[in-house]
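To start, the structure itself, in structure tokens.
The values are calculated or read from the model by the stated rules, or taken from the named source; none is laboratory data. All figures in this text were calculated on a predicted structure; none of them were measured in a lab. In this analysis, Cβ positions are derived from the backbone assuming ideal geometry, glycine residues included, and neighbour counts consider all displayed protein chains. Accessible surface areas use protein heavy atoms only, side chains included; no ligands, DNA or RNA. Shrake-Rupley method; radii C 1.70, N 1.55, O 1.52, S 1.80 Å.
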Amino acid sequence: MEKQCVLVTGGAGYIGSHTAVELIAAGYDVVIADDLSNSDLRAVEGVRRITGVEVPFEQVDCCDREALGRLFRQYRFDSVIHFAASKAVGESVHEPLKYYRNNLTSFLNVVELMRATGRPNIVFSSSCTVYGEADAQPVTERTPRKPATSPYGNTKQMCEDVLRDAVAAYEGLRGIALRYFNPIGAHPSALIGEQPQGMPQNLVPYVTQTAAGIRECLSIFGDDYPTPDGSNIRDYIDVTDLARAHVAAIRRMCGGARRADYEVFNIGTGRGVSVLELVRRFEQVNGVKVNHRIVGRREGDIVAIWADPTLANEVLGWRAERTLDQTLASAWAWQKHLCGME
Ligand code: UD1
């Protein structure tokens, strides 16, 4: 059978590069498209080294309809996984128009081109942020979405709606939205991982940079939340496990099984871990010290959220496999690789 071809937009980014590796390992042809605005060609090199496949890379801004159209004429994509988007929650509050333009335009272009070229399968990178501060934990896919608390979160909700409505209206279009919980860690080879530009906004890159001495001290945003140790609770999912969920989604759409045209899945471990617990485990597993202090709450943070991943377990046949300790070890191995510390 001819190999299926998957377009990975944002494939030079953190989750996109890990997904490209897993797709190739599963036997798919992959084309990476990325504008490199918040990513690095070294990630593409890493994908090539891990897989031994000279995966094609195209520097394209998905907001550029003409350029994206040329890409669709050049290759015959069966499926697209759309990662290309701006993702800093805080920045989105200060530059909402950038977020609406970038995240909505690029996704509209991708969906329109898939439809125009008769290509059916679209996977969208969504986020647990769509649940906001849910009334009960863990959240299932039936937990009602709350009004978004940032333009970033709003673009995730809007793109989910775009995909739902498009597959309802256009015969032959299929869509899956994967709601990621908190992706962390790096590929076990330490050849690809998260590469934040400038000051890290997310917890684990800040932890690893502090352990490496790049940052003096990690600020923990609040220890007076109504949780057992007072710090926020999240569901930290290994990025390679998360990447495999995309392969499962593509398989479901490409395979013969009957499926609904639009589906949503939580991609998390099902386990809530507090910020303090995560920092402690990181120190223990890696035998390093992470200087930290408690500071005030960060605006917009929700108290606690973790996934009920049952639907993904049952329908996609996917489950998180790596332990938190393995993942935290991989995050540290990657940081050491970046700093030349090995
Ligand atoms: C949020 C969104 C997530 C989105 C991500 C994009 C929610 C629940 N999650 O993740 O969907 O994809 O932003 O960036 O809306 N922390 C510190 N010190 C730090 C950094 C973080 O204490 O220096 C704490 C935060 O207060 C939070 C936890 O660590 O409790 C995780 O924070 P972060 O990694 O930024 O992710 P979220 O805000 O959970």
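How many of the residues in segment 37-72 are open to solvent by 30 Å² or more (accessible area, probe 1.4 Å) and touching a strand residue (DSSP E or B) at 6+ places or on another chain (Cβ under 6 Å)?
Total satisfying the criteria: 3.
All but one of (1) open to solvent by less than 50 Å² (accessible area, probe 1.4 Å); (2) of a type outside the set (Gly, Ala, Ser); (3) at pLDDT 95 or above; (4) more than 16 Å from the ligand (Cβ to nearest atom) hold for residue 120, so report the exception by its number.
So residue 120 meets the others, but not (3).
Pairs please, first residue from segment 230-244 and at positive phi, second anywhere and within 11 Å of the ligand (Cβ to nearest atom), Cβ atoms under 9 Å, 6+ apart in sequence or on different chains.
Filtered contacts from segment 230-244: 230/222; 230/223; 230/274; 230/276; 230/294.
Looking at segment 260-279, is at least one residue of a type outside the set (A, V, I, L, M) and in contact with a Ser or Thr (Cβ under 6 Å, 6 or more places away or on another chain)?
Within segment 260-279, one or more residues are of a type outside the set (A, V, I, L, M) and in contact with a Ser or Thr (Cβ under 6 Å, 6 or more places away or on another chain).
Output yes when any residue across segment 320-330 is open to solvent by less than 60 Å² (accessible area, probe 1.4 Å), among the basic types (Lys, Arg) and either under 16 Å from residue 185 (Cβ atoms) or in contact with a helix residue (DSSP H, G or I) (Cβ under 7 Å, 6 or more places away or on another chain) (or both), and no when none is.
Scanning segment 320-330 turns up no residue that is open to solvent by less than 60 Å² (accessible area, probe 1.4 Å), among the basic types (Lys, Arg) and either under 16 Å from residue 185 (Cβ atoms) or in contact with a helix residue (DSSP H, G or I) (Cβ under 7 Å, 6 or more places away or on another chain) (or both).
Among the residues that make up segment 264-287, is at least one of them within 23 Å of residue 174 (Cα to Cα) and part of a loop (DSSP other than H, G, I, E, B)? Even if it seems obvious, please write down each step before you answer.
The first filter runs over segment 264-287 and keeps only residues within 23 Å of residue 174 (Cα to Cα), leaving 264-268.
Now drop any that are not part of a loop (DSSP other than H, G, I, E, B), which leaves 268.
Scanning segment 264-287 turns up at least one residue that is within 23 Å of residue 174 (Cα to Cα) and part of a loop (DSSP other than H, G, I, E, B).
Of the numbered conditions (1) in a loop (DSSP other than H, G, I, E, B); (2) away from the ligand (no atom under 16 Å from the Cβ); (3) out of contact with any strand residue (DSSP E or B) (no Cβ under 9 Å at 6 or more places or on another chain); (4) not hydroxyl-bearing (Ser, Thr, Tyr), residue 97 fails exactly one; give the number of that condition.
Looking at each condition in turn, residue 97 falls short on (1).
Go through segment 1-22 and give me each residue that's at pLDDT 95 or above, in contact with a helix residue (DSSP H, G or I) (Cβ under 6 Å, 6 or more places away or on another chain) and under 21 Å from residue 74 (Cα atoms).
Hits for segment 1-22 are 6, 8, 10, 11, 12, 20.
Among the residues of segment 279-309, what is the count of those that are more than 25 Å from the chain's Cα centre (by Cα), crowded, with 17+ Cβ neighbours inside 10 Å and over 15 Å from residue 217 (Cα atoms)?
Matching residues across segment 279-309 total 0.
Which ones in segment 169-189 are away from the ligand (no atom under 16 Å from the Cβ) and assigned to a loop (DSSP other than H, G, I, E, B)?
170, 171, 172, 173, 187, 188, 189, listed by residue number.
Can you tell me which of 227, 155, 143 is under 21 Å from the mean Cα position of the chain (by Cα), surrounded by fewer than 23 Cβ atoms within 10 Å (Cβ to Cβ) and at pLDDT 95 or above?
After ruling out the rest, the residue left standing is 143.
Please give the number of the condition residue 107 fails out of (1) in a helix (DSSP H, G or I); (2) open to solvent by 30 Å² or more (accessible area, probe 1.4 Å); (3) not polar (S, T, N, Q).
(2)
Being out of contact with any Leu (no Cβ under 9 Å at 6 or more places or on another chain) and over 13 Å from residue 235 (Cβ atoms) is the filter here; which residues of segment 113-141 pass it?
Selection gives 116, 117, 118, 130, 132, 133, 135, 136.
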